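The values are calculated or read from the model by the stated rules, or taken from the named source; none is laboratory data. Values in this document were obtained by computation on a predicted structure and should not be read as measured data. Please note: Cβ atoms are built from the backbone with ideal geometry, for glycine as well, and neighbour counts cover all protein chains shown.
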Amino acid sequence: VEVTVDDEFMGAVIGDLNQRRGQVQDVGSRGAKKLVAALVPLRNMFGYSTRVRSLTEGRATFSMLFHSYDTLQSA
């Protein structure tokens, strides 16, 4: 998943991705915004659209692309 977010909401977005068992791969900049790239299991991404809008007051955008199949470790 790749999230474009204002700097003030970056901590909340990264925290939410971590709660979803995500692994942050990169944090960069795109103009005045921050770009967070992470690998997150698809099953943990359901409801993310609503959650990221709530966390960022509707100011973040995100996109998801399939990365790979992998075995999950028990929670």
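Across region 43-64, what is the number of residues that are part of a loop (DSSP other than H, G, I, E, B) and either closer than 13 Å to VAL5 by Cβ or touching a residue at least 40 places away in the same chain (Cβ under 8 Å) (or both)? Of the residues in region 43-64, 7 are part of a loop (DSSP other than H, G, I, E, B) and either closer than 13 Å to VAL5 by Cβ or touching a residue at least 40 places away in the same chain (Cβ under 8 Å) (or both).
Just to be sure, is ALA37 modelled with pLDDT under 95 and either among the aromatic types (Phe, Trp, Tyr) or not in a helix (DSSP H, G or I) (or both)? No: the conditions fail for ALA37. Within region 10-32, if we keep just the residues that are in a strand (DSSP E or B) and of a type in the set (A, V, I, L, M), the residue that is nearest to HIS67 (Cα to Cα) turns out to be VAL24. Across region 17-44, the number of residues qualifying as within 19 Å of SER74 (Cα to Cα) and crowded, with 17+ Cβ neighbours inside 10 Å comes to 4. ARG30 meets all of the listed conditions (1) touching a Phe, Trp or Tyr at 6+ places or on another chain (Cβ under 8 Å); (2) of a type outside the set (Gly, Ala, Ser); (3) at pLDDT below 95 but one, namely (1).
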